[in-house]
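What follows is calculated from the coordinates using simple rules that are stated; it is not laboratory data. Keep in mind it's a predicted model, so treat the numbers as computed, not measured. Heads up, the Cβs are rebuilt from the backbone with ideal geometry, glycines too, and the neighbour counts pull from every protein chain shown.
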């Protein structure tokens with residue numbers, strides 16, 4: 001029997017994945033290096049066919065990080081698995097969601113990632129935890145949004161919708177509001193964003209529509225959209241507030257700095273919101289005063305905030321450097 005000769009390029013990639021896995025899973029590795037390894041693995045998983053040896057090895061390497069005690073890292077692992085578009089990640093994410101002793105921030109992110117992957121088979125577990133008595137609110141709300149996203153993605157209504165082209169390649173918890181004959185105004189979207197009588201999924205759609213009206217940053221709607229989004233940081237839902245901060249991190253618009261600084265500085269705010277605000281500020285690290293603000297929270301009482309500040313400062317250094325990519329290996333940025 002003839003044994004096929006391994007493809008040299010594939011062997012090289014698999015060796016790179018093994019090295020990245022070692023960096024990601026070693027507790028002795030500095031957290032910023034682990035994050036860069038993670039984003040590199042996400043890139044590998046997304047750039048190869050889902051059933052390829054390279055993609056499956058990258059998914060497995062990312063999931064291996066769930067053994068870490070760091071809630072911040074595990075939350076980011078779940079996010080990246082959802083962004084790979086690879087259903088091989090589903091069993092790992094389902095296990096995190098089902099582990100009720102796991103940090104709620106990690107379980108929420110696992111539920112959101114299942115929604116991003118969009119497999120109808122995930123509806124059963126998502127509905128179970130959406131309706132579970134005594135469940136953490138952040139998990140309940142995330143499962144609710146993930147269920148609606150999967151039903152939207154696999155339904156007939158999606159085909160009839162016209163969506164505005166986005167500058168962002170991320171798979172979001174909800175699509176932006178559909179375009180009608182006239183594009184919704186910032187004011188209209190802002191009202192939908194803050195209307196608590198509406199389902200969270202619809203409010204999220206307004207959120208991502210406002211994000212898209214704030215990019216590129218020189219659009220006439222950019223600053224008004226930032227100000228409309230900032231009002232969401234007063235919402236009663238920590239999940240909602242955290243997503244606003246995440247969107248600000250994507251936009252990296254200087255107009256969001258006051259709102260993000262206020263969220264990070266509020267020690268009564270939920271740690272999942274403060275952590276997201278810190279990372280968003282990291283994406284604005286080349287703006288005056290941002291690094292100084294972040295350094296004030298290096299010894300915060302909340303571990304997830306302290307760790308986020310460490311990662312954010314690394315991101316800030318990247319923003320000021322001549323590096324072309326934040327990951328350890330180049331990550332190709334595409335437009336969705």
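Here region 74-192 is treated as a sphere whose radius is the Kirkwood value from Cα pairs; by Stokes-Einstein at 20 °C and 1.002 mPa s it diffuses with a coefficient of 142 µm²/s. Note on region 57-101: Cα convex hull, mean projected area over all directions, 2.9 nm².
Normalised Debye scattering of region 214-269 at q = 0.17, 0.28 Å⁻¹ gives log10 I(q)/I(0) of -0.49, -1.18, counting only Cα atoms as equal scatterers and leaving out solvent. State whether region 29-95 is rounded, prolate or oblate according to the following rule on the C-alpha gyration tensor (a ≥ b ≥ c being the square roots of its eigenvalues): a/c under 1.5 gives rounded; otherwise a/b larger than b/c gives prolate, and the remaining case gives oblate. Oblate, because a/c is 1.5 or more while a/b does not exceed b/c. With only the Cα atoms considered, region 9-160 has a convex hull volume of 104 Å³ per residue. Separation of region 244-298 from region 35-104 is 25 Å, based on Cα centroids.
Would you mind classifying the chain by shape? Square roots of the alpha carbon gyration tensor eigenvalues, ordered a ≥ b ≥ c; an a/c under 1.5 is rounded, otherwise it is prolate if a/b is larger than b/c and oblate if not. Rounded is the answer for the chain, as its axis ratio a/c remains below 1.5.
Neighbour counts of C-beta atoms inside 10 Å place 81, 73 in the sequence 73, 81, starting with the fewest.
Ratio of region 119-183's C-alpha Rg to 2.2 N^0.38 Å, to two decimals?
In units of the globular-protein estimate, region 119-183 measures up at 1.32.
Taken along the Cα-to-beta-carbon direction at a fixed 7 Å, the label points for residue 165 and residue 26 span 4.4 nm.
Computed from the alpha carbon atoms alone, the convex hull of region 103-146 holds 52 Å³ per residue.
Over every Cα atom in region 173-226, the radius of gyration and the widest Cα-Cα span, Dmax, amount to 10.6, 33 Å. Stretching residue 98 away from residue 317 to a fully extended chain increases their span by 75.1 nm, per 0.36 nm per residue minus the current alpha-carbon distance.
Classify region 150-307 as rounded, prolate or oblate, taking a ≥ b ≥ c as the square roots of the eigenvalues of its Cα gyration tensor: rounded when a/c is under 1.5, otherwise prolate if a/b is larger than b/c and oblate if not. In terms of gyration-tensor shape, prolate. Packing, taken as the mean count of other beta carbons within 10 Å per residue, orders the peptides 210-219, 136-145, 106-115 from highest to lowest as 106-115, 136-145, 210-219.
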